[in-house]
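Scroll down for the structure; my scribbles are underneath it.
The values are calculated or read from the model by the stated rules, or taken from the named source; none is laboratory data. Please read these numbers as outputs of a predicted model, since none were measured by experiment. Quick reminder, even Gly has a Cβ in these numbers, built from the backbone with ideal geometry, and neighbours come from all protein chains shown.
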Amino acid sequence: MAQLTREARGEAQLALEAGREYLLSLQHEAGWWRGELQTNVTMDAEDMLLREFLGVRSDGETERSAAWIRSQQRADGTWTNFHEGPGDLSTTVEAYWALRLAGDDPAEEHMRIAAEFIRGQGGLSSARVFTHLWLALFGLWSWDRVPALPTEIVLLPPRFPLNVYDFACWARQTIVAVSLVKAHRPARRLPFGLDELEPLPGSVPAPEAEGTWREQSRRAGVLGVLDRALRAYERHPIGPLRRLARARAESWIVRRQEADGSWGGIQPPWVYSLIALSLEGYPLDHPVMRRGLEGIEGFMVEDRDDMNGVGAPPGASRRLEACQSPVWDTALAMIALSDAGLGGEHPAMIRAARWLLAEEVTVRGDWAVARPDLAPGGWAFEFANANYPDVDDTAEVVLALERLGGALPIAGLRDARARALDWTEGMQSADGGWGAFDADNTRAVVRELPFLDFGEVIDEPSADVTAHTIEMLAAVGRAGTPAVRAGVRWLLDHQEDDGSWFGRWGINYVYGTGAAVPGLIAAGEDPASEPVRRAVRWLETHQNEDGGWGEDARSYDDPKWIGRGPSTASQTAWALLALQAAGEQSEALARGIAWLTSTQRPDGGWDEPQYTGTGFPSDYYINYHLYRITFPLMALSRCLTAHGELEPEGVAGGLAESQG
């Protein structure tokens with residue numbers, strides 16, 4: 001058993017104190033924390049295209065968005081989906097197109113090399129379906145070449161295959177809106193085309209006319225036959241049925257607009273809902289449209305001279321967050337600060353707890369379709385998303401509220417906690433695991449629809465959400481309940497042969513393993529058990545030479561990247577949390593702590609340009625700007641506590657006690 005040296009303990013303690021003060025300084029006066037969610041430039045390109053479609057694009061906004069897009073182009077002419085990832089065809093197409101909209105000349109060097117990459121990848125025909133959809137909106141792609149998605153899908157009852165509730169909530173909202181857009185088949189003409197993006201005849205192997213290889217493969221089976229039949233129907237729909245479907249879809253969309261003007265608090269359904277309602281005749285000054293457009297501005301990050309150090313250009317620029325995470329960030333910040341010795345009675349903790357309690361979801365949302373008898377409770381991810389609370393946020397919020405110690409009489413806390421526990425247990429899927437937003441959302445056939453060639457479209461149980469949930473239930477004294485026992489069985493059944501766990505919402509096996517081990521230990525799993533020992537061996541095997549851990553997003557597609565990548569603060573912390581929970585006082589743990597302390601910035605934070613959050617495995621990734629501080633604080637404090645160097649104050653029923 002390796003022990004931290006006195007010098008190492010001292011350095012870790014100093015790092016912990018600096019990190020704690022830095023995190024405290026980031027709290028909003030209202031009580032919440034929120035780090036930026038940085039994604040790829042399709043958000044900004046599509047925002048420009050949305051504004052062009054609706055006729056509200058302004059020169060100043062366009063130039064600031066274009067400045068950001070230009071700054072993210074790589075030397076080879078491409079745009080990528082995550083830091084130092086490979087160039088992505090569809091992202092590059094949309095970025096190039098947005099810059100054309102901003103007035104960039106195709107003959108300019110940055111445009112010329114981007115177009116060369118696009119042509120070399122097969123041109124517009126090889127782009128994904130949603131890029132084709134945007135092209136069709138402006139008459140640059142035939143609607144006949146966009147896979148079928150008839151509006152009549154909203155008429156299917158919940159028990160009927162391929163109904164909208166078979167899709168995950170994020171896909172469901174997008175699909176309903178897009179189906180309404182497709183019913184109109186609009187074409188808003190631009191003063192330019194994109195012919196320069198098409199390869200010369202014979203210069204590259206020509207893709208089949210029907211689209212990408214993913215789409216072609218799906219069209220070969222039964223769903224391909226269905227797609228062809230539905231495309232024919234879309235050209236000649238049954239009038240009364242189509243009118244009924246359009247009315248149902250319009251009503252469905254309007255009812256799900258959130259208080260902040262968004263749909264689900266995320267970009268895809270937001271932009272398509274605005275387009276769909278505009279096509280249905282909603283004027284821009286209609287309250288629904290006005291709230292929607294004004295809400296987007298609240299997701300804009302206006303920058304000047306790269307004030308946040310994200311690689312923005314000199315001068316003014318702006319970028320769009322695909323989502324915002326105040327509930328998630330606040331819960332994680334409270335847990336981190338509590339681990340780091342902040343008492344539950346501290347004003348920062350009290351302000352945060354009161355803010356969280358005010359954000360509780362107490363109305364029924366789409367989750368009630370699968371659980372009609374379950375009372376509402378829990379929390380969502382965003383400032384406003386009452387339709388879609390999620391299990392993961394609810395678990396972390398309850399863990400955070402437990403850190404108050406139970407001695408502080410905050411109005412409503414006990415009742416909110418009870419509702420959350422009942423709702424969370426009720427959202428357990430039949431197989432014992434938990435998904436994020438829905439229960440038993442596992443009909444995998446929807447993944448094979450030709451239209452859906454981008455992103456995960458079901459919300460099946462995952463190791464990270466299941467682990468966080470059983471960790472929370474164990475922390476409140478429910479470790480021996482049937483729900484937790486079933487969750488533990490699910491986790492053990494889904495451990496990979498090499499000892500790791502797949503990470504659904506973070507990259508990737510480091511995230512899944514970093515969640516699963518603490519969850520199992522909290523629920524009573526013996527640290528000496530074979531599943532835990534295998535997980536420890538996997539983490540030790542995948543530690544980098546510098547002492548940290550990292551994993552590249554390409555691990556979702558290429559096994560050689562599994563557990564491999566440059567060391568990052570968040571991923572190193574996830575590994576340390578698992579090792580500490582397993583009772584390790586090893587050389588691997590000591591080296592991980594040393595990496596964190598040696599890479600800390602003078603202000604108490606850490607640099608992390610890498611994207612360690614996952615939106616859609618294989619397709620879409622997120623850089624959570626607070627991950628680089630909250631998780632290292634948890635890891636350092638728990639490791640020091642385990643070595644007898646830190647005695648957190650005000651920690652009741654939480655991780656430091658159950659895992660120390």
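With part of a helix (DSSP H, G or I), surrounded by 20 or more Cβ atoms within 10 Å (Cβ to Cβ) and more than 26 Å from the chain's Cα centre (by Cα) as the only criterion, which of 136, 177 stands out?
Residue meeting the stated conditions: 136.
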Take the residues in region 219-277 that are farther than 30 Å from residue 390 by Cα and among the small types (Gly, Ala, Ser); name whichever of them is farthest from the chain's Cα centre (by Cα). 239
Test residue 420 against the criterion of being touching a helix residue (DSSP H, G or I) at 6+ places or on another chain (Cβ under 6 Å) and without any contact (Cβ under 8 Å) to a residue 60 or more places away in the chain, and give yes or no. no
Hits in region 617-660 - residues which are part of a loop (DSSP other than H, G, I, E, B), under 29 Å from the mean Cα position of the chain (by Cα) and at pLDDT 50 or above: 617, 618, 619, 625, 626
Name every residue in region 366-378 that is in a loop (DSSP other than H, G, I, E, B) and under 19 Å from the mean Cα position of the chain (by Cα), in order of residue number. 378
Could you list, in sequence order, the residues of region 266-290 that are in contact with a Phe, Trp or Tyr (Cβ under 9 Å, 6 or more places away or on another chain) and without any contact (Cβ under 8 Å) to a residue 24 or more places away in the chain? 289
Being of a type outside the set (Phe, Trp, Tyr), crowded, with 16+ Cβ neighbours inside 10 Å and modelled with pLDDT of 85 or more: is that true of residue 255 here? no
Could you list, in sequence order, the residues of region 524-544 that are in contact (Cβ under 8 Å) with a residue 12 or more places away in the chain, surrounded by fewer than 16 Cβ atoms within 10 Å (Cβ to Cβ) and among the polar types (S, T, N, Q)? 541
Taking into account only those residues within region 449-481 that are β-branched (Val, Ile, Thr) and in contact with a Gly (Cβ under 6 Å, 6 or more places away or on another chain), which is surrounded by the most Cβ atoms within 10 Å (Cβ to Cβ)? 470
Residue identified as under 23 Å from residue 531 (Cα atoms), touching a residue at least 12 places away in the same chain (Cβ under 8 Å) and in contact with a His (Cβ under 8 Å, 6 or more places away or on another chain) among 463, 479, 516, 486: 463
Residue list for region 347-366, filter: closer than 20 Å to residue 405 by Cβ and free of Cβ contacts under 8 Å to residues at least 40 places away in the same chain: 347
Subset of region 545-590, residues part of a loop (DSSP other than H, G, I, E, B), surrounded by fewer than 19 Cβ atoms within 10 Å (Cβ to Cβ) and in contact (Cβ under 8 Å) with a residue 12 or more places away in the chain, comes to 546, 557, 564, 566, 583, 585, 586
Touching a Phe, Trp or Tyr at 6+ places or on another chain (Cβ under 6 Å), within 25 Å of residue 154 (Cα to Cα) and not assigned by TED's automatic domain parsing to the domain that holds residue 468: is that true of residue 252 in this structure? no
Being buried (at least 22 other Cβ atoms within 10 Å of the Cβ), touching a Gly at 6+ places or on another chain (Cβ under 6 Å) and touching a residue at least 12 places away in the same chain (Cβ under 8 Å) narrows it down to one of 405, 377, 435, 344, so name that one. 344
Could you please let me know if residue 292 is buried (at least 19 other Cβ atoms within 10 Å of the Cβ), among the small types (Gly, Ala, Ser) and not assigned by TED's automatic domain parsing to the domain that holds residue 621? yes
In region 263-311, how many residues are part of a loop (DSSP other than H, G, I, E, B) and under 22 Å from residue 186 (Cα atoms)? 7
Among all residue pairs at least 6 apart or on different chains, which show Cβ distances below 8 Å where the first residue, located in region 155-169, is over 13 Å from residue 460 (Cα atoms) and modelled with pLDDT under 95 and the second is aromatic (Phe, Trp, Tyr) and surrounded by 19 or more Cβ atoms within 10 Å (Cβ to Cβ)? 158/165
